[in-house]
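The values are calculated or read from the model by the stated rules, or taken from the named source; none is laboratory data. Everything numeric in this text was worked out from a predicted model, so none of it was measured. For neighbour counting, all protein chains shown are included, and Cβ atoms are generated from backbone atoms with ideal geometry for every residue, glycine included. The accessibility values were calculated without ligands, DNA or RNA, using every heavy atom of the protein model including side chains. Shrake-Rupley method; radii C 1.70, N 1.55, O 1.52, S 1.80 Å.
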Amino acid sequence: MRSQFSHVIDIAATVLDAAGLPEPTFVNGVQQMPLHGRSMVPSFSDGATPEHRETQYFEMFVNRGIYHQGWTAVTRHSIPWKPTEMPAFDDDVWELYAPDDWTQAHDLSADQPEKLHELQRLFLIEAARYNVLPLDDRRFERFNPEIAGRPQLVKGSSQMLFEGMGRLSESSVLSLKNKSHSVTAQIEVPEGGGEGVIVAQGGAYAGWSLYLHEGRPTYCYNFFGLQRFKIAGEQPVPAGEHQVRMEFAYDGGGLAKGGDVKLYVDGEVVGEGRVEHTVPMMFSADETTDLGVDSATPVSDDHGPDNRFTGRVLWVQIDVDEAAEDVDHLITSEERLRVAMARQ
């Protein structure tokens, strides 16, 4: 048992130290930021060794805290999952806890204001040192790279995905949020009819899925697990190679609006309906985009985890904005080649 204060950032430094490996300065030609963590190895053989870390700041969604020589000062700026108006930073109420109060049960801020001010000042010093400043309490905006200004892994208006691709993170697929878009899939349906997921993004708590249910083409939009909007064709897709397409005409006028959906098979309309609300920022931190299956939790409740497509998904093309508009609602091999060459 060891009682020295440590933090998660100390783990990498500890592993390298224990293995006798130097801290990397370059990886694949890219210069690395020095590790901020410190090794816990000295405490392995000496339980009385001084703490290797006396100070550590904390900040998430502008909820802030500072540890220093056993003392902690903390303030809760907001509850992240409750969308309320943000208070001014200066209105946040700080609490102070002594070294013998690790459960933070007895607030000493009123009894020792000088100590609290000391730790508040130390938080600002550490926050400036480690690039925490300026504080930013925007929530939903920061989840969407397009709004937050973060670089995106995939750019442009069209993206091709191919058979066998899966577990694609949300940032590695074109964002379909808050805009018109289309999803087109070239599939092979086996004799006796097809069943299962063609392509899906997200999971049980937000996302979308295009699949065959009882042989019929179906699109499901999952709004935070609260509502599932489904549009389906009336007839099963016959055996053979076919193109299934979903077109989403976004209402516009801001974030999280709805839109009209049309389903096509080989360029012919087979179903249409409406999605009243959409997810504005992020479907999930851990659910992914998959072809031919919906891994982890499924977007739609029309099937469980055993939802692998019984035929073949040859390719899927995702188009956004103007690229989503296709006069004949069909993607030819020439159009696929154009998209592929544009991405080179």
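What the table shows:
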| read-out | value |
| --- | --- |
| Residue list for region 20-40, restricted to those being closer than 25 Å to Ser3 by Cα and either crowded, with 16+ Cβ neighbours inside 10 Å or within 29 Å of the chain's Cα centre (by Cα) (or both) | Leu35, His36, Gly37, Arg38, Ser39, Met40 |
| Subset of region 140-176 that is basic (Lys, Arg) and under 13 Å from the mean Cα position of the chain (by Cα) - its residue that is nearest to Ala256 (Cα to Cα) | Arg142 |
| Test for Gly304: is it touching a strand residue (DSSP E or B) at 6+ places or on another chain (Cβ under 8 Å) and either touching a residue at least 60 places away in the same chain (Cβ under 8 Å) or under 18 Å from Thr218 (Cβ atoms) (or both) | no |
| Any hit, region 221-230, residues being in contact with a Ser or Thr (Cβ under 7 Å, 6 or more places away or on another chain), part of a loop (DSSP other than H, G, I, E, B) and either farther than 25 Å from Phe143 by Cα or of a type in the set (Lys, Arg) (or both) | no |
| Residue satisfying condition, being over 17 Å from Val62 (Cα atoms), polar (S, T, N, Q) and either touching a residue at least 24 places away in the same chain (Cβ under 8 Å) or open to solvent by 100 Å² or more (accessible area, probe 1.4 Å) (or both), within set Gln120, Gln104, Gln112 | Gln104 |
| Residue in region 194-220 that is least open to solvent (accessible area, probe 1.4 Å), counting only those that are assigned to a loop (DSSP other than H, G, I, E, B), farther than 22 Å from Val173 by Cα and touching a Phe, Trp or Tyr at 6+ places or on another chain (Cβ under 8 Å) | Gly194 |
| Qualifying positions in region 260-297 - of a type outside the set (A, V, I, L, M) and outside any loop (DSSP other than H, G, I, E, B) | Asp260, Lys262, Tyr264, Glu268, Gly271, Glu272, Gly273, Arg274, Thr289, Asp290 |
| Lone unmet requirement of (1) modelled with pLDDT of 80 or more; (2) over 11 Å from Val199 (Cα atoms) for Ala340 | (1) |
